[in-house]
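The structure appears below as structure tokens.
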Amino acid sequence: MLQTTRRDGLSIISAPGLQAECGVTVAFTDRVGGAGAPPFESLNLSFNVGDDHTVVLENRLEVAGALGFPLARWVLGRQVHGVGVSSVGSLEAARGAFDQASAMPGTDALVTAEEGLLVGVLVADCLPVLMVAPAGRCVAAVHAGWRGVARGIAPRALLALAGRAGCRPADVRVFVGPHIRSCCMQVDDSLAVEFARRFGEGCLVRGEAGVRLDLERACLSALYGLGVDEDNVESAGECTVCGEAYFSHRRDGGTTGRQAGFVGIVR
Ligand SMILES: [Zn+2]
């Protein structure tokens, strides 16, 4: 079960039960406890938003220490709101960890079966979705904003993970981190129509002020369609726009930092 823990002065949402059960670490960070100055205060983990490179590196080292995965064993992608899934192993270790240029190109989801490797996605309103195959044989980190959800990044990542692990989608565990929730995601009519057509009317919330989108519900409905079991899904239930502890692209007017979702096999 997801719970918030304090580690080395950082607040991390993790699943200690999962770690005990199958040796997998899942973790979602927030914006508190880092070294950054406004508008990136303070635990910004992205090199790609205009923050000081040295400060971001310092923040990443802090998180690496708290999670027990050295930065040299992280792998991150160049996220483009697309459907690119990269399968990575020890050859890709450190790609995107110390700089942006070496990150896996055109990658919104990372899959690995390699022990001791941490894959992550950077977000500030988009859904960070982590997936874990039975017995921790394989894991995936997915960056799913509304474009990625509409284009099907989460199902693509699920199928890649299940294929690699040789398991059924029904046995995959799914963890959804803090993101913009339906309380705050006003959308225009054309986007609402598009999402209702793809994912059903249930992903829309209609109110006097207009239509709001339940992005998590849309994303999960696509996974349920492939056989994922609702009982294997857990959400942090936190809204990045409402929650001051998070970076929010929408609330902060576009210039802000990124928190992260990470998953790695420890054993
Ligand atoms: Zn909200």
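The values are calculated or read from the model by the stated rules, or taken from the named source; none is laboratory data. Treat the numbers as computed from the prediction; the structure is a model and nothing was measured. With ideal geometry, Cβ positions are generated from the backbone for all residues, glycine too; neighbour counts draw on all protein chains shown. What goes into the accessible areas is simple: the full protein's heavy atoms, side chains included, and nothing from ligands, DNA or RNA. Shrake-Rupley method; radii C 1.70, N 1.55, O 1.52, S 1.80 Å.
Annotations
- Counted residues, the stretch 10-32 - those being open to solvent by 30 Å² or more (accessible area, probe 1.4 Å) and under 22 Å from PHE98 (Cα atoms): 1
- Residue within the stretch 169-177 that is away from the ligand (no atom under 14 Å from the Cβ) and open to solvent by 30 Å² or more (accessible area, probe 1.4 Å) present: yes
- Hey, VAL205 surrounded by fewer than 20 Cβ atoms within 10 Å (Cβ to Cβ), in a strand (DSSP E or B) and not basic (Lys, Arg) or not: yes
- Residue match in the stretch 238-247 (condition: open to solvent by less than 70 Å² (accessible area, probe 1.4 Å), within 20 Å of VAL55 (Cβ to Cβ) and more than 13 Å from the ligand (Cβ to nearest atom)): yes
- Among the residues of the stretch 36-67, the ones that are open to solvent by 60 Å² or more (accessible area, probe 1.4 Å) and in contact with a Ser or Thr (Cβ under 8 Å, 6 or more places away or on another chain) come to 1 in all.
- The stretch 178-192, subset assigned to a loop (DSSP other than H, G, I, E, B) and not polar (S, T, N, Q), residue farthest from the ligand (Cβ to nearest atom): ASP188
- Residue count for the stretch 208-231, restricted to those that are touching a residue at least 12 places away in the same chain (Cβ under 8 Å), not in a strand (DSSP E or B) and not polar (S, T, N, Q): 15
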